[in-house]
Structure formats: C-alpha cells, structure tokens
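One structure is given here, and the rest of the page talks about it.
The values are calculated or read from the model by the stated rules, or taken from the named source; none is laboratory data. As the structure is a computational prediction, the values presented were derived from the model and not from experiment. When the accessible area is computed, the model is the full protein with side chains, heavy atoms only, and any ligands, DNA or RNA have been set aside. Shrake-Rupley method; radii C 1.70, N 1.55, O 1.52, S 1.80 Å.
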Amino acid sequence: HLGKLHMFDVDVIADGEIVACFLALPEFPSLNDEGRCASAVVGGQGERAALLSWKPMISLGPSAWDITVKAMPSMHRQFVVAFERGGSGHTLVVMFGSVDSAGKLH
C-alpha cells in the first residue's frame, strides 16, 4: 500500500517492470509529505495482468513537488528523477537511480 499519493509519475525500466516516483502523505490528513520512489513488477495473466508487486521504497525527502521520472534506455535498469524541492525557496533537484535484479532501488 503506497498511501495517499500526489504528483505520481512512472516509466518502464525493464520488460514487465516499472519505477514510480510520487509525493506521499504517509500520515494523511497531516500535511507532512515525503517524496518516494518504488519499483514494481507487473504480475498475473489475463484479467489479473494489472496486478503490481511493489518493492521497498526509497525516500526523496520532504516537499518533493512536480516529480518527473524517466528511464534511461541506453543504461539498463537506470532512471533519472527530477523534482522541485519546496520550503523556503524552491530548488530543482535531479537524482539518478538504478534498480537491481531483486527490484531494490539505489
């Protein structure tokens, strides 16, 4: 369960596998937010093909707004995520990540 989500973006990183980054409100209705990324494997057959098996999440920290994630096709299982860090002033943050064969994000 990913909780209450905002600003969700997703891309395919491998056959049957996605990476998603989003702003989560883990203690909704509290306004404390946290940017997170997770990978998932698409499972099932036929009508069940839409089932996702989510792997452990990593944190992007608080106030990660306007999140965009893009797989890097020339680099196997790697992605880039960009977002605006809110707070006192706004900063553009760009981070590179990868997903290992077990689905763990780094």
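Using θ = phi - 60° and the Karplus curve 6.51 cos²θ - 1.76 cosθ + 1.60, what whole-Hz ³J(HN,Hα) does each residue of region 74-85 get, with Gly and Pro shown as x?
Running phi through 6.51 cos²θ - 1.76 cosθ + 1.60 with θ = phi - 60° gives 7, 10, 3, 6, 10, 8, 10, 10, 10, 7, 9, 8 Hz.
Ordering 93, 99, 41 by how much accessible area each has at a 1.4 Å probe, largest first, what is the list?
The ranking, largest first, comes out as 41, 93, 99.
Leaving ligands and nucleic acids out of the surface, order 13, 58 by accessible area at 1.4 Å, largest first.
58, 13
What accessible area, in Å² to the nearest ten, does a 1.4 Å probe give for residue 54?
Here the accessible area works out near 80 Å².
Run the 1.4 Å probe and let me know the accessible area of residue 92, rounded to the nearest 10 Å².
Around 130 Å² of this residue is reachable by solvent.
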